[in-house]
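Engineer: What follows is a single structure, and I will ask about it in a moment.
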Amino acid sequence: MTFGILIVSGIFMVIGMAVQARLKSRFAAYSKVATSSGLSGKEIAEKMLNENGIYDVKVVSVQGFLTDHYNPANKTVNLSPDVYNGRNVSAAAVAAHECGHAVQHATAYSMLKLRSALVPIVNISTSLSQWVILIGIGLMGIGGGNPTVLLVGIVLFAMSTLFSVITLPVEFDASARALKWLDKAQITLPQEHEKAKDALKWAALTYVVAALASIAMLLQYIMIYNDRR
């Protein structure tokens, strides 16, 4: 069964790398396609926030590649340099997507509230679950010990899995808000809009793969528990 875990992990690792590679290639390709609006990612983000009545969120630049994110704690839309300064389809799509999260926050979107509430718990469970599971499997392998430790590890890991699953509707909704606004505000024309939609689709798939991998691993751990208790 441990060998099975390695196989499952390996399969999803390869799939995840393939999706990431495709995302980067799409981002690079659409970075060469200028938007008709000519606005930078920063300007697009500020425009979307203002048009949604959000005036207390700052748009800032952060280092890295595709490190873009919305921070609800300090109300900042953090854009990587390529997105912050870019005047292309990729920059427009990513900037609007992150602002989609800001709109979710401002409108108290239920799934975002749930995910945010889980963050402190998941931070702890993620750091402990793998160690507790390994110890639990080890103890059970030594003379068929009590499976309680393994069960605790599984519960901790399940919290991380739940977080990954809840992240999906949050990301899909942010992309939907972004694409709808880009079209309404005429930031992207029809042909550009399809490219923005494709870029966000590949970004969303990274979360789908992560969620599926987490579910598969959780099921593997549950099978180990059932086999050895």
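Engineer: Between a residue in region 203-218 that is surrounded by 18 or more Cβ atoms within 10 Å (Cβ to Cβ) and at pLDDT below 90 and any residue that is of a type in the set (Asp, Glu) and outside any helix (DSSP H, G or I), which pairs come within a Cβ distance under 7 Å, given they are 6 or more apart or on different chains?
Structural biologist: Sorted first by the residue in region 203-218, then by its partner, the list stays empty.
Engineer: Identify, from the list 59, 94, 103, 83, the residue that is in contact with a helix residue (DSSP H, G or I) (Cβ under 6 Å, 6 or more places away or on another chain), at pLDDT 95 or above, of a type outside the set (Phe, Trp, Tyr) and outside any helix (DSSP H, G or I).
Structural biologist: From the options 59, 94, 103, 83, the qualifying one is 59.
Engineer: For residue 155, state whether it is free of Cβ contacts under 8 Å to residues at least 60 places away in the same chain, touching a Ser or Thr at 6+ places or on another chain (Cβ under 9 Å) and closer than 26 Å to residue 98 by Cβ.
Structural biologist: Answer is no for this residue.
Engineer: Of the conditions (1) surrounded by fewer than 16 Cβ atoms within 10 Å (Cβ to Cβ); (2) within 21 Å of the chain's Cα centre (by Cα); (3) at pLDDT below 95; (4) not aliphatic (A, V, I, L, M), residue 125 satisfies every one except a single condition; which number is it?
Structural biologist: Failing condition for residue 125: (1).
Engineer: Of the numbered conditions (1) of a type outside the set (Phe, Trp, Tyr); (2) crowded, with 16+ Cβ neighbours inside 10 Å; (3) in contact (Cβ under 8 Å) with a residue 40 or more places away in the chain, residue 8 fails exactly one; give the number of that condition.
Structural biologist: The failed condition is (2).
Engineer: Could you tell me how many of the residues in region 18-46 are among the hydrophobic types (A, V, I, L, M, F, W, C), assigned to a helix (DSSP H, G or I) and more than 15 Å from residue 203 (Cβ to Cβ)?
Structural biologist: Of the residues in that region, 2 qualify.
Engineer: Just one of 75, 58, 32 is loosely packed, with under 13 Cβ neighbours inside 10 Å, of a type in the set (D, E, K, R) and farther than 16 Å from residue 182 by Cβ; which is it? Write out each step before concluding.
Structural biologist: Numbers: 75 fails: loosely packed, with under 13 Cβ neighbours inside 10 Å; 58 fails: loosely packed, with under 13 Cβ neighbours inside 10 Å.
One residue alone meets the criteria, 32.
Engineer: Additional query: Against the definition (free of Cβ contacts under 8 Å to residues at least 40 places away in the same chain and either surrounded by fewer than 18 Cβ atoms within 10 Å (Cβ to Cβ) or more than 15 Å from the chain's Cα centre (by Cα) (or both)), how does residue 85 come out, yes or no?
Structural biologist: Details: free of Cβ contacts under 8 Å to residues at least 40 places away in the same chain: no; either surrounded by fewer than 18 Cβ atoms within 10 Å (Cβ to Cβ) or more than 15 Å from the chain's Cα centre (by Cα) (or both): yes.
Criteria not met by residue 85.
The values are calculated or read from the model by the stated rules, or taken from the named source; none is laboratory data. From a predicted model like this one, the values you see are computed outputs, not experimental measurements. In this analysis, Cβ positions are derived from the backbone assuming ideal geometry, glycine residues included, and neighbour counts consider all displayed protein chains.
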